[in-house]
Structures are given as structure tokens and as C-alpha cells.
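Following: one structure in C-alpha cells, then a few remarks.
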Amino acid sequence: MPEEPCQCNDCQRFYREHDRLIREFPTLRHQQELNWAALQSFRTLAGRVLEDLQKQDASRHNSEPSNEACSDQTSISEEVPDTLQQAIADLENINAHLFSIEVLMERIFDVKMPESVEQKFRELAGELAPDPLNLDRLRLNRLLHQTPDLPDRNQ
């Protein structure tokens, strides 16, 4: 027996976005391009943040007093866990994973589908994620849930 979908706000937002992406990008080619663009935007943003954090870290190290000047004192960076260094390490790992995903996705672009198969993608996309604002869908929802979805009930 299948579980009911989770009804929390995060999951509901995911389901809506999932369905929207299927409706708006209903072919293999569309999905390839969408995923490539999402991956590239993720890599671009994460890479830029990493660069800025590395510059910030370098300037912080350059502005610290020399070890001779504070040999009897414990530096602040030794007392407090360095969250900046951890963030840099995490972003480096994320970027490495994103690069690996990019290499794998390049293989997906080698696949070309005939138009008849792309049409099958469109058909199934309509079944998987029908337009929630479609008049027939709203009527069906009203019948199933016994609630008026439409402001004008002229029938």
C-alpha cells in the first residue's frame, strides 16, 4: 500500500515545483537543457562564493599580526572554530561533486530522441502534472473535494 504524500509546506512546495517543471519542460530535450542550466547556475554561484570566501580568508591571514608579536597570546582563530575555513572546504567539495555531475550529464546530451518519442514525453507530462488551473481540472477538484474552486458556479 503506497504511502500518502507528505503534506508539510516544504514537500508541498516541492510537489508544485516538480509538477511545474514537468508541465513547462515536457520533452527529453527540454529536461536536458533545464538540468544543464540549473547545474551551470549552481556551479557559477557556488564557485563565485568560494572565490570571495577564499579572498576574505587570505586578507584575514594577511592582516593578522606576526607570530612573534603574539607568541605569548593565543590567537582568536585558534580559540574559536574557524567556520570560514569549514565553509571553504565544504564549498570545494560541493564544486567537485558538481563538476562530476557535469561530466555525467554530458553523456545525457549524446542521446537524441525521435520526434515520436518526444511526443510521448509530452503526453505523459500532461498525465503526470496536469495544469492545476485547467478548467476541467478545477471542476474535477470541486467534485472530488466537494468545495467550490471557481468563483462563479453558473451551471
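Only helices (runs of 4 or more DSSP H) whose full extent lies in segment 1-80 are considered here, and the ones with at least 1 residues that are within 30 Å of Leu133 (Cβ to Cβ) and either of a type outside the set (Lys, Arg) or modelled with pLDDT of 85 or more (or both) are 9-24, 28-63. The residue of segment 1-42 that is surrounded by the fewest Cβ atoms within 10 Å (Cβ to Cβ), among those that are under 12 Å from the mean Cα position of the chain (by Cα) and polar (S, T, N, Q), is Ser41.
Scanning segment 118-133 for residues that are farther than 13 Å from His30 by Cα and either modelled with pLDDT of 75 or more or surrounded by 13 or more Cβ atoms within 10 Å (Cβ to Cβ) (or both) yields Lys120, Glu123, Leu124, Gly126, Glu127, Leu128, Ala129, Pro130, Asp131, Pro132. Within segment 81-130, the only residue that satisfies the criterion of being free of Cβ contacts under 8 Å to residues at least 40 places away in the same chain, over 17 Å from Leu39 (Cβ atoms), basic (Lys, Arg) and part of a helix (DSSP H, G or I) is Lys120. If you filter segment 43-65 down to residues that are loosely packed, with under 13 Cβ neighbours inside 10 Å and of a type in the set (A, V, I, L, M, F, W, C), you find that the one that is nearest to the chain's Cα centre (by Cα) is Leu45.
The values are calculated or read from the model by the stated rules, or taken from the named source; none is laboratory data. Since the model is a prediction, treat every value here as computed from it, not as a measurement. Positions of Cβ are backbone-derived with ideal geometry, glycine not excepted, and every protein chain shown enters the neighbour counts.
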